[in-house]
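All remarks here apply to the structure that follows.
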Amino acid sequence: MNTLAARAAVLTEFESPFFVGQIELREPGPGQLVVRTTEAPFCSTDWMGWRGMRRKTPPVVLGHTAVGVVEHLGPGVEGLTPGTRVLVAGTPQCGSCFYCGIGRPDQCSVLLDGSDPVVASLDSGGGRLDVRAAGRVGAYADRMLVERIQVHPLPDELPDSLACLLGCGVSTALGAVFTIADVQPRQSVAVLGLGHLGLWAVQGARLAGAGRIVAIDGHPGRRAIAESLGATDLVDAHRGDPVAAVQALTEGRGADVVIEAAGPALASRQAVLMARRAGTVVLTGVAHSATEVELPQLQLTVHGKKVVGCQNGQITPSVDLPRWTGMLASGELDASPFVTRRYSLDEIDTVVRRSLALDDITGVLVP
Ligand SMILES: [Zn+2]
Ligand SMILES: [Zn+2]
C-alpha cells in the first residue's frame with residue numbers, strides 16, 4: 001500500500017505528553033481524500049479525549065474539526081479539486097443511513113455507530129502501530145485522511161482563522177439557539193457556562209432578538225466577554241443559587257429558553273430548574289461518558305418543559321454551514337474575542353494545559 005508522510009501530534013497514552021513526529025497516512029480509498037491542515041481549534045471535546053473520557057483508542061490523532069486545502073483525491077470523489085479550501089467537519093452527512101434518511105444527519109450512523117478509523121501508522125521502534133483519527137478527522141497533523149461526506153468547500157471571503165471555528169462552537173451554539181430552541185424575539189434566554197460554546201450562544205441569542213440574555217459562569221473574565229457580546233444580565237455561578245438568580249430576573253417564572261454549555265451534571269440539573277414551565281432547555285455539555293443527572297420528576301412531567309439534547313447543534317451540514325459561514329464572513333458574528341492564541345503542533349501539551357486551566361477561550365493549532 002502506498003503511504004504519504006504527515007507530521008502529527010499523536011496521543012499514545014491518556015493524560016500524557018503527545019508524541020509529535022512523523023506518521024504514514026494511508027492512500028485515500030474510494031470517497032476519501034487527503035487535506036493539508038491549515039488551522040484546527042482545540043476544545044473540551046479534545047481534552048476529554050486526552051483524558052480518556054471519550055472511549056478513544058490510542059495511538060490516536062485528536063482534533064475534531066479543521067480547515068485546510070485539498071491535496072489528493074481518492075477514486076470517485078466529486079466536487080473538489082486539489083487546491084480547494086475546505087472545512088473538515090466532525091459531523092458527516094452520509095445521506096444513506098437511517099438518520100440521514102429521516103433528516104437528522106447530526107445522528108449520522110457513520111459517526112455515532114462506528115469507531116474511529118485507522119488512517120495511518122507509526123514506527124514505534126518495535127514495529128509499526130496503527131494510528132486512528134479521532135472523530136474521523138484527526139486534525140492535529142499537517143495532513144488528514146478524511147471522507148468526502150464531511151468536507152465542505154469554503155468561500156474565498158472567509159479566512160482560515162475564522163473558518164476553523166465553524167465546525168466547533170459556532171455550529172453547536174447557533175444550532176442550539178436557532179434550530180433546536182427556535183428562540184423568538186423578546187424571549188428570555190439563559191446561557192449556563194461561558195466557554196466558547198456559551199459565548200457563541202450569547203451571540204446567537206442576540207441575533208435571534210432575545211430580550212433578556214442571562215449569562216452565567218464563575219469566571220469574571222468570561223462574564224465580561226459575554227456582556228460585550230450582548231448579554232444583558234450576568235450571574236456569578238459561584239455566588240448564591242443561579243436558579244434563583246434567573247427566576248429573579250424573569251418575574252419569578254424562569255427563562256423561556258435555557259442553553260446549557262457547561263458540562264457538569266449539576267449544570268444540566270440547574271438548566272432544567274431555571275427554565276419556566278413549558279420552556280425549552282437545550283443540553284449540550286458532557287462531563288463524562290458515564291455521568292448521570294438527577295432531576296425532580298415533576299419538572300419533567302407536569303411542568304411541561306421541553307428538554308432536548310444537542311449533538312453539534314442538530315446540524316444539517318449542507319443547509320446550516322452556508323448560513324453560519326455567511327454570518328461569520330459578514331461580521332454579524334464577532335469572532336474577535338474567541339481565538340486567544342495560535343500554537344504550533346510542537347506546543348500541543350501547552351494547549352491542553354491552558355485549555356484545562358480555562359486560560360484560552362479557543363486555542364488554535366496551526367500545523
Ligand atoms: Zn448518515
Ligand atoms: Zn469543539
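The values are calculated or read from the model by the stated rules, or taken from the named source; none is laboratory data. Just so you know, these numbers come straight off a predicted model, no measurement behind them. Methodologically, a virtual Cβ is constructed for each residue, glycine included, from the backbone with ideal geometry; neighbour enumeration extends over all protein chains shown. Only protein heavy atoms, including side chains, enter the accessible area calculation; ligands, DNA and RNA are left aside. Shrake-Rupley method; radii C 1.70, N 1.55, O 1.52, S 1.80 Å.
Can you find, within the range 93-107, the residue that is farthest from A134 (Cα to Cα) among those that are more than 16 Å from ligand 2 (Cβ to nearest atom) and in contact (Cβ under 8 Å) with a residue 40 or more places away in the chain? That would be G103.
Checking the structure you have, find out if any residue of the range 46-59 is of a type outside the set (G, A, S) and modelled with pLDDT of 95 or more. Quick ask: steps written out before the conclusion?
Pass one, the range 46-59, residues of a type outside the set (G, A, S): 46-48, 50-51, 53-59.
Pick out the ones that are also modelled with pLDDT of 95 or more and you get 58-59.
Scanning the range 46-59, I find at least one residue that is of a type outside the set (G, A, S) and modelled with pLDDT of 95 or more, so the answer is yes.
Only residues that are farther than 21 Å from V69 by Cβ and charged (D, E, K, R) were counted across the range 126-175, and they come to 3.
Conditions tested, residue by residue: (1) part of a helix (DSSP H, G or I); (2) surrounded by 21 or more Cβ atoms within 10 Å (Cβ to Cβ).
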residue: T91; (1), (2): no, yes
residue: C94; (1), (2): no, no
residue: G103; (1), (2): no, no
residue: L111; (1), (2): yes, yes
residue: S121; (1), (2): no, no
residue: D130; (1), (2): no, no
residue: G135; (1), (2): yes, yes
residue: L145; (1), (2): no, yes
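Within the range 229-282, the set of residues being hydroxyl-bearing (S, T, Y) and either in contact with a Pro (Cβ under 7 Å, 6 or more places away or on another chain) or open to solvent by less than 50 Å² (accessible area, probe 1.4 Å) (or both) comprises T250, S268, T280. Within the range 66-75, one or more residues are within 16 Å of ligand 2 (Cβ to nearest atom), under 24 Å from P159 (Cβ atoms) and in contact (Cβ under 8 Å) with a residue 60 or more places away in the chain.
Condition first: crowded, with 17+ Cβ neighbours inside 10 Å and under 21 Å from G198 (Cβ atoms). Now tell me which residues in the range 298-310 satisfy that. Residues satisfying the conditions are K305, V307, C310. Candidates A205, A231, A244: the one that is more than 16 Å from ligand 2 (Cβ to nearest atom), in contact (Cβ under 8 Å) with a residue 40 or more places away in the chain, over 21 Å from S44 (Cα atoms) and assigned to a helix (DSSP H, G or I) is A205.
Filter the range 116-129 down to the residues that are small (G, A, S) and under 16 Å from R26 (Cβ atoms), then identify the one that is farthest from ligand 2 (Cβ to nearest atom). Quick ask: steps written out before the conclusion?
Pass one, the range 116-129, residues small (G, A, S): 120-121, 124-127.
Filter again for under 16 Å from R26 (Cβ atoms), leaving 120-121.
Working: A120: 22, S121: 27 Å.
Within the range 116-129, the match that is farthest from ligand 2 (Cβ to nearest atom) is S121.
Screening H288 against (1) modelled with pLDDT under 95; (2) crowded, with 17+ Cβ neighbours inside 10 Å; (3) on the phi < 0 side of the Ramachandran plot leaves a single unmet condition, (2).
All conditions but one from (1) within 30 Å of T316 (Cβ to Cβ); (2) out of contact with any Asp or Glu (no Cβ under 9 Å at 6 or more places or on another chain); (3) open to solvent by 20 Å² or more (accessible area, probe 1.4 Å) apply to A205; the one that does not is (3). Identify the residue in the range 154-179 that is in a loop (DSSP other than H, G, I, E, B) and open to solvent by 10 Å² or more (accessible area, probe 1.4 Å) and, among all such residues, is nearest to ligand 1 (Cβ to nearest atom). Within the range 154-179, the match that is nearest to ligand 1 (Cβ to nearest atom) is L154.
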